[in-house]
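Undergrad: Can you keep this structure in mind? I'll have questions shortly.
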Amino acid sequence: MSEPAPSADRPSEHFLFDDEHHQLRRTVRQFVEREINPHADQWEAQCRIPKSLFLRGGELGLFGHSVDPRYGGLGADCRMAVVIAEEMSRARSSGPGMAFGAHAEIALPHLNRFGSDAQKERYLPDMVTGRKVGALGITEPSAGSNVAAMQTTARRQSDRWQLNGSKIFITNAVQADLFFIAAKTDPSAGHRGISMFLLERDTPGFTVEELKGKLGRRASDTGLLTLDNCSLPADALLGELNRGFYQIMQCFENERLVIAAGCVGSADAVLAETVRYTQQRPMGFGTLADMQVTRQRLAKSYMELEAARQLVYHTTWRVVRGMPSLKEVAMTKAFASEAAFRIIDDCLQLHGGYGYFNEYLVERAYRDIRLDRIGGGATEVMYEIIAKQLEL
Ligand SMILES: Cc1cc2nc3c(=O)[nH]c(=O)nc-3n(C[C@H](O)[C@H](O)[C@H](O)COP(=O)(O)OP(=O)(O)OC[C@H]3O[C@@H](n4cnc5c(N)ncnc54)[C@H](O)[C@@H]3O)c2cc1C
C-alpha cells in the first residue's frame with residue numbers, strides 16, 4: 001500500500017517526540033486552523049497581529065515551555081519549540097508564527113538563560129502568559145551579519161547606563177513591552193566589548209518607528225529603534241558585562257533551529273496544497289498530476305523536505321542531549337531554508353498563473369519564505385560557521 005501523499009496530514013511519527021509533543025502539535029494545528037487562518041488576510045493588511053493573540057498564545061502554553069516552573073513555565077527542552085514552529089508555519093500567513101517566535105524563541109531565551117533571579121521574577125511570568133511581549137534588538141543599519149561591528153553604545157555614568165544608537169528590522173518592535181538590546185560597553189574590544197540590556201518600552205529617549213513595505217511576513221510588525229541618551233538603571237544589564245556576544249551566539253542555537261523547523265512546516269503545507277491543486281487541474285487528457293514530470297517534481301520536493309525535516313529532528317536530538325551543535329545548527333538552518341525556498345518556488349511553478357495570485361497559499365508562502373535565507377544569519381554566514389568548524 002502506498003503512503004498517503006501529503007505527509008502533513010498525520011502527526012509526525014519520529015522517535016524524538018512523545019505523547020505531550022503529539023498533543024501540543026494537535027493543539028497548535030487547531031489553533032492555526034480556527035484562530036489564525038480566518039484572520040490571516042486582515043492581519044496581513046494591518047501589518048500586525050492583535051496584541052490579544054499573544055495572550056491567547058500564553059493561554060495555550062506556547063511561550064513558557066523552556067521556562068522554569070517557578071516562573072510559570074514547563075522547564076522542558078527545545079522539542080516543544082520545534083513542534084510549535086513547524087505547526088505555526090503551516091498557517092495561511094507565517095506572520096503570526098514569526099511574531100510568536102520573536103517573542104518566545106528569540107527574545108525570551110536571553111532572559112531565561114542569562115537573567116538574574118530578580119529580572120526573571122519581574123518579567124518572566126508576564127512573558128510566559130503573553131501579558132508582556134518581547135523583542136530582540138541586535139541588527140543595526142550598518143551592522144547586520146557582522147554583529148561585532150555594532151555601534152550602539154552603553155556608557156556607565158555613576159549608577160546608571162546611558163544608551164545611544166539605533167536598531168533596525170526589529171520584529172515585534174511596534175507592540176513589544178520589553179526590548180533586549182545589544183550595545184558596546186567597551187568599544188575598543190570588538191566582540192569582547194558587547195553587553196545585553198533589558199529596556200522597557202516607556203524608557204525616556206527610546207522611540208520606535210514602524211517599518212512598512214516588507215516583501216513578506218506582513219502580519220508580523222517590524223520597527224526601527226532609536227536610543228537617544230536612554231538612561232537605564234544599573235540592574236538593566238542582562239547577563240555578564242562584555243559577554244553579550246557570547247550570550248547572543250548561545251541564543252542563536254535555539255533561534256536557528258526554530259527557523260529551520262518553521263521552514264519545514266511551511267514547505268510541507270504548501271506541498272500538500274500543491275498536490276491537491278495538481279490533482280484537480282485539467283491538463284491534456286487528464287490532470288496536471290497525471291504527468292510524469294509533475295509527479296517527479298513533487299517526488300523530488302518531498303525528498304528534499306524529508307531531508308530537511310530529518311536534519312531538523314537530528315539536530316534537535318543533539319541539542320536536547322546537550323551535544324555541541326554549532327556546526328549542525330548552521331547546516332540545518334542553511335539547508336532547511338534553501339530547500340524550503342526551492343520547494344515553494346517549484347510549487348508556485350506548478351500552480352502556473354494561479355500561483356501568482358493570493359487566492360492560493362503558495363503566493364504568500366513564496367514571499368514569506370524568502371526571509372529565512374537572510375534572517376537569523378544569512379546562508380553565507382551559516383556556510384562560514386560550517387567552514388570554520390570544519391577547519392577548512
Ligand atoms: C523581516 C525581518 C525581521 C528581522 N527581525 C530581526 C529582529 O527581530 N532582531 C534583529 O536583531 N534583527 C532582525 N532582522 C535582521 C536580520 O537578522 C538581518 O537582516 C540579517 O542578519 C542580515 O543582516 P543585514 O540585513 O545587515 O545584511 P548584511 O549583513 O549587509 O548582509 C547582506 C548579504 O551579504 C552576504 N553576506 C553577509 N556576510 C557574509 C559572509 N561572511 N560571507 C559571504 N556573504 C556574506 C549575505 O548574502 C547577506 O544576505 C530582521 C530582518 C528582517 C528582514
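Yes/no matrix, rows are residues, columns are (1) more than 13 Å from the ligand (Cβ to nearest atom); (2) in the same structural domain as residue 191 (by TED's automatic domain parsing); (3) under 20 Å from the mean Cα position of the chain (by Cα); (4) in a helix (DSSP H, G or I):
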{"site": "85", "(1), (2), (3), (4)": "yes, no, yes, yes"}
{"site": "96", "(1), (2), (3), (4)": "yes, no, yes, yes"}
{"site": "111", "(1), (2), (3), (4)": "yes, no, yes, yes"}
{"site": "119", "(1), (2), (3), (4)": "yes, no, no, yes"}
{"site": "145", "(1), (2), (3), (4)": "no, yes, yes, no"}
{"site": "148", "(1), (2), (3), (4)": "no, yes, no, yes"}
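Undergrad: Also, I was wondering about something else. Tell me, please, whether a residue that is at pLDDT below 95 and of a type in the set (D, E, K, R) can be found in segment 359-368.
TA: yes
Undergrad: Starting from residues that are β-branched (Val, Ile, Thr) and in contact with a helix residue (DSSP H, G or I) (Cβ under 7 Å, 6 or more places away or on another chain), keep the ones in segment 378-392 and report whichever is nearest to the ligand (Cβ to nearest atom).
TA: 379
Undergrad: Turning to a different aspect of this structure: Looking at segment 340-365 only, could you name the residues that are free of Cβ contacts under 8 Å to residues at least 24 places away in the same chain and aromatic (Phe, Trp, Tyr)?
TA: 356, 357
Undergrad: Ok, one more. So how many residues does segment 150-170 have that are more than 13 Å from the ligand (Cβ to nearest atom) and crowded, with 20+ Cβ neighbours inside 10 Å?
TA: Result for segment 150-170: 3.
Undergrad: Right, next: Of the conditions (1) within 16 Å of the ligand (Cβ to nearest atom); (2) out of contact with any strand residue (DSSP E or B) (no Cβ under 9 Å at 6 or more places or on another chain); (3) among the aliphatic types (A, V, I, L, M), residue 102 clears all except one; give me its number.
TA: (2)
Undergrad: In segment 154-193, what count of residues is obtained for those that are touching a Lys or Arg at 6+ places or on another chain (Cβ under 6 Å) and assigned to a strand (DSSP E or B)?
TA: Number of matching residues: 2.
Undergrad: For residues that are among the acidic types (Asp, Glu) and in a helix (DSSP H, G or I), scanning just segment 357-389, find the one that is surrounded by the most Cβ atoms within 10 Å (Cβ to Cβ).
TA: Only one residue tops the list, namely 368.
Undergrad: Looking at segment 263-294, which of its residues are assigned to a helix (DSSP H, G or I), farther than 18 Å from residue 355 by Cβ and not small (Gly, Ala, Ser)?
TA: Answer for segment 263-294, where residues must be assigned to a helix (DSSP H, G or I), farther than 18 Å from residue 355 by Cβ and not small (Gly, Ala, Ser): 263, 264, 290, 292.
Undergrad: Taking residue 68 as the residue in question, decide whether it is farther than 30 Å from residue 278 by Cα and surrounded by fewer than 16 Cβ atoms within 10 Å (Cβ to Cβ).
TA: Yes, satisfied.
Undergrad: Answer yes or no: is there a residue in segment 335-351 that is more than 16 Å from the ligand (Cβ to nearest atom) and among the β-branched types (Val, Ile, Thr).
TA: The answer is yes; a qualifying residue exists.
Per-residue answers, yes or no, for (1) among the charged types (D, E, K, R); (2) farther than 30 Å from residue 137 by Cα; (3) surrounded by fewer than 20 Cβ atoms within 10 Å (Cβ to Cβ):
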site: 295; (1), (2), (3): yes, yes, yes
site: 307; (1), (2), (3): no, yes, yes
site: 317; (1), (2), (3): no, no, yes
site: 323; (1), (2), (3): no, no, yes
site: 327; (1), (2), (3): yes, no, yes
site: 391; (1), (2), (3): yes, yes, yes
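Undergrad: Of the residues that sit in segment 171-218 and are among the polar types (S, T, N, Q), within 16 Å of the ligand (Cβ to nearest atom) and within 25 Å of residue 131 (Cβ to Cβ), which one is surrounded by the most Cβ atoms within 10 Å (Cβ to Cβ)?
TA: 172
The values are calculated or read from the model by the stated rules, or taken from the named source; none is laboratory data. For clarity, every value in this text was computed on a predicted model and none was experimentally measured. A quick note on method: Cβ atoms are made from the backbone with ideal geometry, for glycine too, and the neighbour counts reach across all protein chains shown.
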